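Engineer: Following this message is one structure expressed as C-alpha cells.
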Amino acid sequence: MVDVPTRWYNIVADLPVPLPPLIDPLGFDEDSRIQLLVRILPSRLIDEEYTLSRYLEIPEEVRAAYRKVGRPTPLIRAEGLEKAIGVYGRVRIYYKFEGALPTGSHKINTAIPQVYYAKLDGAREVATETGAGQWGLAVATAAAILGMKATIFMTRSSYHSKRQRRLLMQLLGATVHPSPSTVTEAGRRALKENPDHPGSLGLAITEAVEYVLSGEARRYVAGSVLESVLTHQTVIGMEVLQQLPEEPDYMVACVGGGSNMGGFTYPALGMKLRGEGFEKTRFVAAEAAAVPRLSKGEYRYDGLDTGLVLPLAKMYTLGKDYVPPPIHAAGLRYHGAAPSLSLLRKLGYIEARAYPQEDVYEAGRLFARSEGIIPAPESTHAIKAVIDIAKKAPRDTVIAFNLSGNGLLDTDAFEKIESRIVSGRLPEPD
Ligand SMILES: *Cc1c(COP(=O)(O)O)cnc(C)c1O
C-alpha cells in the first residue's frame, strides 16, 4: 500500500550548476523586493525557498491534511487511450491523476503547507490572487481545513466568467473580491482610470500584496514558480516513485509556471542527476503554442510579475509584459517558468513541445472518450504530447504523464472551442 510520503524532494541540492538566485530590479530605489517577500510570505516558506537540503520533512499536520483531501492519488494505466490510438500491446501509458483531488487540481499540494506555515507565524488570514480560480479554490480549501481566513483577489473577467469556482470559494468561507477591487489603493486607482477594467493577474498580485501589508496577522501565499512551491509539489513524484511498475522512457507534464511538471518529474530527474536511475528517461514539457516560453522564450532575468512587486528571476520568459492570447487553458498563460525548470531546460535535461489549442482539445476529447475522465484544459497539452510520442514510439516504450487536473468546471471553455471549431469563429476572451 502506498502511503503519503514523509519527505519532499528539493532538486536545488542536485543541480549540476548553482541556481541563479532571485534578485532586485537593477537601479531600484524603492524598498527591496526580496525584503518584501520576506515580509509577506510565511517564514517557513522563505526558509524552504533558500534551503540546500535535498529532502524536507513534511510536517505531520500537512501529511494529515494531504490524507484528508485524498492523497495518495492513483497512478492509472491508460489502456483505453492505448487502444484508442492503436498502440495497445506496443506502448504502455500511465498517468498520475491529480484531478482526483476534491479541488480538481494539484494546487492543493502547496496550498496546504503554505496556509499551515502562515498559521505557525501566528497569522489568522492568507491572501492571494487567482485567475481562472484553481489556485483560489485550493487556498480556500486549505484555509477551511486548517481554520484560517482566506481573501482572494480574482481577476474581474474570471470573477464573472468562472462563476462556479468563485461560488465554491465563497461556500468554503473565503472572501472573494473582483480585481480591480475597492479594498486596495491599487484597485481603486485602476477603477478610477477605467471603471470597466477587466483585471489582470499582475494587478491582482499587487492588490493581494497591498492587502497583506495593510493589515495585521496576514500572509501572502504563492501558487507556482517559487522553488518552495515546486518542492511541495514533489509529493506527486515521491508517490510516483513508489507506484511506477517500470521505469518510463518518457515523463510528460504541462507547464504554466512549472509546479506540476517539477512536482511530477523532479524526484525521478534527481535520481538521474545523481546517477541512481532513470538514465534513459526523457523529460518532456508540454506548453501552449500561444505561450511558448520554454520553446521560444529567452533565458534571462525578468520580472516574476508585470507590476514588479515581486523580485526578478532568471528563467525562460516571453517578457513580463507579454499578453498571451485568450486561450482556455488559463493556467498555462504565465510568461515565464520556474528558475530550476528553466535551468534544467537550458542544460538539456528537459525538452519542450508547444501545441495549438485545437490540437490539444482533440486530444482531450479522445482521452475523455477512452478513459472516462474529463481532463483540465491545461492537462490536455500533456495528453497531446503523449499521443504524439506514443504513435511514433518503438515497441515496448513506456510513457508516464501527469494529469494535473480534471475539467469538470471548465465546460464553458470546451463549449467555446467546440463552437469555434464548428463555426470557424475566434474564441471569446475569458
Ligand atoms: C495551474 C494549473 C497548471 C499550470 O501550473 P503549473 O504551475 O505549471 O503546474 C496546470 N494544470 C492545472 C490543472 C492547473 O490548475
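What follows draws every value from the coordinates through simple rules; no lab data is involved. Remember, it's a predicted structure, so these values are computed and weren't measured experimentally. Cβ placement follows ideal geometry from the backbone for every residue including glycine, while neighbour counts extend to all protein chains displayed.
Engineer: State the three equivalent ellipsoid semi-axes of the stretch 27-170, derived from the C-alpha gyration tensor as the square roots of 5 times its eigenvalues, in descending order and whole Å.
Structural biologist: Details: eigenvalues 212, 87, 60 Å².
The equivalent ellipsoid of the stretch 27-170 has semi-axes of 33, 21, 17 Å.
Engineer: Spelling out what I want: for every residue of the stretch 235-240, take phi, set θ = phi - 60°, compute 6.51 cos²θ - 1.76 cosθ + 1.60 (Karplus), and round to whole Hz; glycine and proline get x.
Structural biologist: Calculated HN-Hα couplings, in order: 4, 4, x, 5, 5, 4 Hz.
Engineer: Looking at the chain, identify the longest residue range that excludes and avoids all GluC sites (Glu not before Pro) in DSSP loops having at most 13 other Cβ atoms within 10 Å. Mind dumping the intermediate values first?
Structural biologist: On the way: sites that count: Glu30, Glu216, Glu246, Glu276, Glu279.
For GluC sites (Glu not before Pro) (loop position, at most 13 other Cβ atoms within 10 Å), the longest site-free span of the chain is 31-215.
Engineer: Taking the Cα atoms only, what angle lies between the long axis of helix 379-392 and the longest principal axis of the chain, rounded to 10 degrees?
Structural biologist: 20 degrees
Engineer: Using 0.36 nm times the number of residues separating Glu362 and Glu415, minus their current alpha carbon distance, what extension gain do you get?
Structural biologist: Values: separation 53, 0.36 × 53 = 19.08 nm, distance 1.28 nm.
Value of the extension gain: 17.8 nm.
Engineer: Cα axis of helix 259-273 to longest principal axis of the chain: angle in degrees, 0 to 90, nearest 10?
Structural biologist: Tilt relative to the chain: about 60 degrees.
Engineer: Contact order normalised by length for the stretch 251-290, with contacts defined as Cα pairs under 8 Å and 6 or more residues apart; what percent is it? Can you show the working numbers first?
Structural biologist: On the way: 36 pairs, mean separation 20.8, N = 40.
Rounded, it is 52 percent for the stretch 251-290.
Engineer: How big is the stretch 139-197 on each of its three principal axes, counting only the C-alpha atoms and giving the largest first in Å?
Structural biologist: Extents along the principal axes, in whole Å: 39, 23, 11.
Engineer: How about Lys416: which aspartates and glutamates have a C-alpha closer than 19 Å to its C-alpha, ignoring those fewer than 8 places off in the same chain?
Structural biologist: Glu358, Asp359, Glu362, Glu378, Glu428, Asp430
Engineer: Gaussian network model of the chain, Cα springs within a sub-10 Å range: biggest mean-square fluctuation belongs to which of Leu191, Leu310, Leu230?
Structural biologist: Leu191
Engineer: Find which of Ala142, Pro375, Ser228 sits farthest along the positive direction of the dipole of the chain, computed with +1 on the beta-carbon of Lys and Arg, -1 on that of Asp and Glu, about the Cα centre.
Structural biologist: It is Pro375.
Engineer: For the stretch 323-424, list log₁₀ I(q)/I(0) at each q in 0.12, 0.14, 0.22, 0.24 Å⁻¹, using the Debye formula over Cα point scatterers of equal strength and ignoring solvent, two decimals each.
Structural biologist: One equal scatterer on each Cα of the stretch 323-424 leads to -0.46, -0.62, -1.28, -1.40.
Engineer: Can you order the peptides 14-20, 341-347 by their average number of other Cβ atoms within 10 Å per residue, highest first? Could you put the intermediate results ahead of the total?
Structural biologist: On the way: 14-20: 13.1, 341-347: 22.3.
Descending packing order for the listed peptides: 341-347, 14-20.
Engineer: Label Glu79 and Arg124 with points 7 Å out from Cα along Cα→Cβ: what is the distance between them in nm?
Structural biologist: Roughly 5.5 nm, to one decimal.
Engineer: Picking from Val183, Gly199, Met169, whose Cα lies most toward the positive end of the charge dipole for the stretch 158-201 (charges on Cβ: Lys, Arg +1; Asp, Glu -1)?
Structural biologist: Of the candidates, Met169 comes out farthest on the positive side.
Engineer: Here's another thing I want to ask about it. For the stretch 124-201, with only Lys/Arg (+1) and Asp/Glu (-1) charged at the beta-carbon, what is the dipole magnitude about the Cα centre, in debye rounded to 20?
Structural biologist: Working: 10 positive and 5 negative charges, 32 e Å.
The dipole of the stretch 124-201 has a size of about 160 debye.
Engineer: Nearest 20 debye, what's the magnitude of the dipole of the stretch 5-86 about its Cα centre given +1 on Lys and Arg Cβ and -1 on Asp and Glu Cβ?
Structural biologist: 620 debye
Engineer: Can you tell which of Phe264, Phe97, Phe278 shows the greatest fluctuation in a Gaussian network model of the chain with Cα springs below 10 Å?
Structural biologist: In the Gaussian network model the winner is Phe278.
Engineer: According to a simple spin-label model (label point 7 Å from Cα along Cα-to-Cβ), what is the distance in nm between Glu276 and Thr175?
Structural biologist: Inter-label distance under the simple model: 4.6 nm.
Engineer: Using a Gaussian network model on the chain with a 10 Å cutoff between Cα atoms, which of Thr380, Thr206, Thr411 fluctuates the most?
Structural biologist: Greatest mean-square fluctuation among the candidates belongs to Thr411.
Engineer: Is the shape of the stretch 272-375 best called rounded, prolate or oblate, per the rule: a/c under 1.5 gives rounded, else a/b larger than b/c gives prolate, else oblate, with a ≥ b ≥ c the square roots of the Cα gyration tensor eigenvalues?
Structural biologist: Here the stretch 272-375 falls in the oblate category.
Engineer: In debye, nearest 20: dipole of the stretch 56-200 around its Cα centre with unit charges on the Cβ of K, R (+) and D, E (-)?
Structural biologist: On the way: 21 positive and 12 negative charges, 84 e Å.
Computed about the Cα centre, the dipole is about 400 debye.
Engineer: Ok, one more. Which whole-number percent is the relative contact order of the chain (Cα, under 8 Å, 6+ apart)?
Structural biologist: Rounded, it is 20 percent for the chain.
Engineer: At q = 0.14, 0.20 Å⁻¹, what base-10 log of I(q)/I(0) does the Debye formula yield for the stretch 12-74 when every alpha carbon is treated as an equal point scatterer in vacuo?
Structural biologist: -0.66, -0.97
Engineer: What three numbers, in Å, describe the spread of the alpha carbons of the stretch 93-158 along their principal axes, ordered from the longest?
Structural biologist: Each principal axis gives a Cα extent; for the stretch 93-158 these are 45, 31, 14 Å.
Engineer: Out of the stretch 367-401, which trypsin sites (Lys or Arg not before Pro) are coil in DSSP terms and have no more than 12 other C-beta atoms within 10 Å? Can you show the working numbers first?
Structural biologist: Working: sites: Arg369, Lys384, Lys391, Lys392, Arg395; in loops: Arg395.
Listed in order of number, the matching sites are Arg395.
Engineer: Expressed as a rounded percentage, what relative contact order does the stretch 17-122 have, with Cα pairs under 8 Å and six or more residues apart? Don't skip to the end; give the middle numbers.
Structural biologist: On the way: 67 pairs, mean separation 29.1, N = 106.
About 27 percent, as a whole number.
Engineer: Return the Rg/Rh value of the stretch 149-265, two decimal places, where both radii are evaluated on C-alpha atoms and Rh is the Kirkwood radius. Let's see the in-between values first.
Structural biologist: Details: Rg = 18.1 Å, Rh = 16.5 Å.
The Rg/Rh ratio comes out at 1.10.
Engineer: What distance in nm lies between label points placed 7 Å from Cα along the C-beta direction at Thr182 and Asp396?
Structural biologist: 6.9 nm
Engineer: Still on this model: Give me the three principal axis extents of the stretch 1-44 from the C-alpha atoms, as integers in angstrom, largest value leading.
Structural biologist: 55, 28, 10
Engineer: Now for a separate question. For the chain, take N as its residue count and report Rg(C-alpha) divided by 2.2 N^0.38 Å.
Structural biologist: Details: Rg = 20.2 Å, N = 430, 2.2 N^0.38 = 22.0 Å.
Taking the Cα Rg and dividing by 2.2 N^0.38 Å, one obtains 0.92.
Engineer: Same structure again: Helix-only estimate, please: 222 nm mean residue ellipticity of the chain, summing -39500 (n - 2.57) across DSSP H runs of length 4 or more and dividing by its residues, to the nearest 500. Provide the component values of the computation, followed by the final result.
Structural biologist: Numbers: 17 runs with 180 residues, N = 430.
For the chain, the value works out to -12500 deg cm²/dmol.
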